[in-house]
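Read the structure below first, then the notes.
No value in this document is a laboratory result; all are computed from the given coordinates. It should be emphasised that the depicted structure is a prediction, and the values quoted were computed from it without experimental measurement. Neighbour counts are summed over all protein chains in view; Cβ atoms, including those assigned to glycine, are modelled from backbone coordinates with ideal geometry.
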Amino acid sequence: MSIEVKIPPMGESISSGILAKWHVAHGDVVKKDQVLFELETDKITSEGTAEAAGKISLAVAAGTEVKIGAVVATIDTSVTGDAAAAASPSVALAKEGAPAAAKSDAQSPAVRRLAAETGIDPASVAGTGKAGRVTKGDMLAAAESTAPAAPAAPAPKPAAAPAPAAPAAPVSRGEKQTRVKMTKLRQTIANRLVAAQHNAAMLTTFNEADMSAVMGLRAKYQDDFVKKHGVKLGFMSFFVKAVVNALKEVPGINAQIDGDHIIQNHYYDIGVAVSTDKGLMVPVIRDCDKKSMAEIEKDIADAAKRARDGKITLADLEGGVFTITNGGIFGSLLATPIINAPQSAILGMHAIKERPIALNGQVVIRPMMYLALSYDHRLVDGKESVTFLVAVKNALEDPARLVLGA
């Protein structure tokens, strides 16, 4: 009996994707729920799994664009693992020794590197290592024996003028470049960022926050927090709570433009930007006004892990009213983040640096962070943006405000 492996539905707005990678080979025996492939869409990267165990036959090559519901493979459920192993040519070759393949597999990294640098095929070199293996020394000796002898240096001619240097042979551009097709996710990120700049009157206002109080609380309560909640107390939960506090103070920022209407949001679902190998994703943490800092930290850690593992869903990325992005983890000192449309604003965090500041008439060294708020000036006025950012700054410098709601 054979069953079809189909591209699963991903959401109403997704009709196709790129079958980016197969995790199995044609003819492999797979287990039920084993990951078979990765599918890249314009919003997320997801995995397809086997509905049953059996021998798989691939029908679509990696890199192919496929429609939702398309059949990309079949699984013969009548083939067991033992039967497939007996019939598999690769297993038979392994039992017979498969000299060429074994020799290739046994090559050390040094031998493979020298093969790439010199162009010498290790298979053509007599190996002196154990079981006839080609060693690094064998490759060096082969390279030496094939190298042309250096010409004898001519006798010096005092009166002769130095000959002009010969022009260097042109190097093919193809040797210096690699061309790969943009993933659907990267194309969508690019299009959305350009659209945000074209469609919004984007402006950025800056401030700075003394992070002493937050760092002091983390140092004082970190061990107890981890023991009780099983997760570290990070900076992000403070920022999420500070943003919620500021959105309540300046509700005009918790809104968005829809044509000639303004939609006012009365909930606090905050997006937290996460960098992944596939690109930037913004999973949304729901109901941040109702959650404790421990719950927010757990939700952020879970969302970030699923995003990096390619297990994020479309529902996880939708519905945010505001976004926080942290370039500081990469060392950014100051930047102007781009709005995550259709939201009206985004907060950029940056690296914490010890700097001298004036405090009560004295110059002191404090851990300071620059804050950047980019906002849509069509909806948010300068007074609102500055008031919002000052509210975030005040909450971070005096975290008691987050507890008291002041």
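With N set to the number of residues, divide the alpha-carbon radius of gyration of segment 232-354 by 2.2 N^0.38 Å and report two decimals.
Cα Rg divided by the expected 2.2 N^0.38 Å: 1.04.
Could you rank the peptides 360-366, 194-200 by their average count of other C-beta atoms within 10 Å per residue, with the highest value first?
Ranked by mean Cβ neighbours within 10 Å, highest first: 194-200, 360-366.
Mind ranking 318-331, 65-78, 176-189 by how tightly packed they are, going by the mean number of other C-beta atoms within 10 angstrom, highest first?
318-331, 65-78, 176-189
Run the numbers for ASP224 and ARG378: contour at 0.36 nm per residue of separation, minus the present Cα-Cα distance, in nm.
Additional length available on full extension: 50.9 nm.
Taking 7 Å along the Cα-to-C-beta vector as the label spot, tell me the VAL363-HIS198 distance in nanometres, rounded to one decimal.
In this crude label model, VAL363 to HIS198 measures out at 5.0 nm.
Using R₀ = 41 Å, calculate the FRET efficiency as 1/(1 + (r/R₀)^6) where r is the Cβ-Cβ separation of GLU249 and GLN187; round to 0.05.
Computed FRET efficiency for GLU249 and GLN187: 0.60.
Fewest Cβ neighbours within 10 Å first, please rank LEU371, LEU334 accordingly.
LEU334, LEU371
Once the other residues with Cβ under 15 Å from the Cβ of LYS220 are scored (Lys, Arg +1; Asp, Glu -1), what is the net sum?
With Lys, Arg at +1 and Asp, Glu at -1, the neighbours total +2.
Just order 296-303, 273-280 by mean Cβ neighbour count inside 10 Å, highest at the front, would you?
Final packing ranking: 296-303, 273-280.
Using a Förster distance of 35 Å, how high is the FRET efficiency between SER212 and LEU280, based on the Cβ-Cβ distance and rounded to 0.05?
Approximately 0.70, to the nearest 0.05.
Provide the net charge surrounding ASN245, with neighbours chosen by a C-beta distance below 10 Å and charges set as Lys +1, Arg +1, Asp -1, Glu -1.
Counting the neighbours of ASN245, the net charge comes to +1.
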